[in-house]
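Notes for the one structure printed next.
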Amino acid sequence: MFIFKEMSIITKRGDDGMTDLMFGKRIAKTSIRFAALGTIDELNAAIGLARAADVEGKNTVTLDRVQNLLFGLMGQLACLPEDVAQYVEKGYAMVSEEDLDWLTETAKEIEASGVKFTHWAVPGAEGSMARAHLDLARTVARRAERHVLELHEAEGGVPEVVRLFLNRISDLMWILARKEG
């Protein structure tokens, strides 16, 4: 849990087209890194829409864990490669191989519980808001994955677990949407 000092959200620090990263670093809001961070934030909001659309109980627990893992992922990406050792030393949250394994196993368990599909899914066709929002979250996860891969190609230093993590989230969102309702 984060404890924030009381402060105004309006700092004007971004008025020049730059934004803050971890450890006092600043980057352009048009950078690939910022696009990746923004899309992961959007993914978290899309998952929140699915939760608010009354997903089934156990699925809410799963989505809650995914959302909390996304905070660690954003922290990792808000840290430039030269500051990773300091990030780790401070003990900030990071996605791990165990988190990746959990995503994979959770999707497999849900699929094994009787999810059947024989054709392309048409988002919203079932009339379920939860399903439609989970499908939206899946597409945002795919876009976030593309931005993270672009970041890795351009700057390097994005750990493999981070690159795979978003792929697994999109798989999980797809299978949850088929199971929902």
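Structural remarks
- Where Val55 falls short, out of the listed (1) at pLDDT 90 or above; (2) farther than 22 Å from Arg146 by Cα; (3) crowded, with 18+ Cβ neighbours inside 10 Å: (1)
- Boolean, Asp83 is surrounded by fewer than 19 Cβ atoms within 10 Å (Cβ to Cβ) and either touching a Gly at 6+ places or on another chain (Cβ under 6 Å) or free of Cβ contacts under 8 Å to residues at least 12 places away in the same chain (or both): no
- Any hit, segment 65-75, residues being in contact (Cβ under 8 Å) with a residue 12 or more places away in the chain, more than 10 Å from the chain's Cα centre (by Cα) and under 26 Å from Lys179 (Cα atoms): yes
- Ala28 vs. criteria surrounded by fewer than 18 Cβ atoms within 10 Å (Cβ to Cβ), touching a Phe, Trp or Tyr at 6+ places or on another chain (Cβ under 9 Å) and of a type in the set (Gly, Ala, Ser): yes
The values are calculated or read from the model by the stated rules, or taken from the named source; none is laboratory data. Just so it is clear, the structure is predicted and the values come from calculations on it, not from any experiment. Using ideal geometry, Cβ is built from the backbone for each residue, glycine included, and neighbour counts are taken over all protein chains shown.
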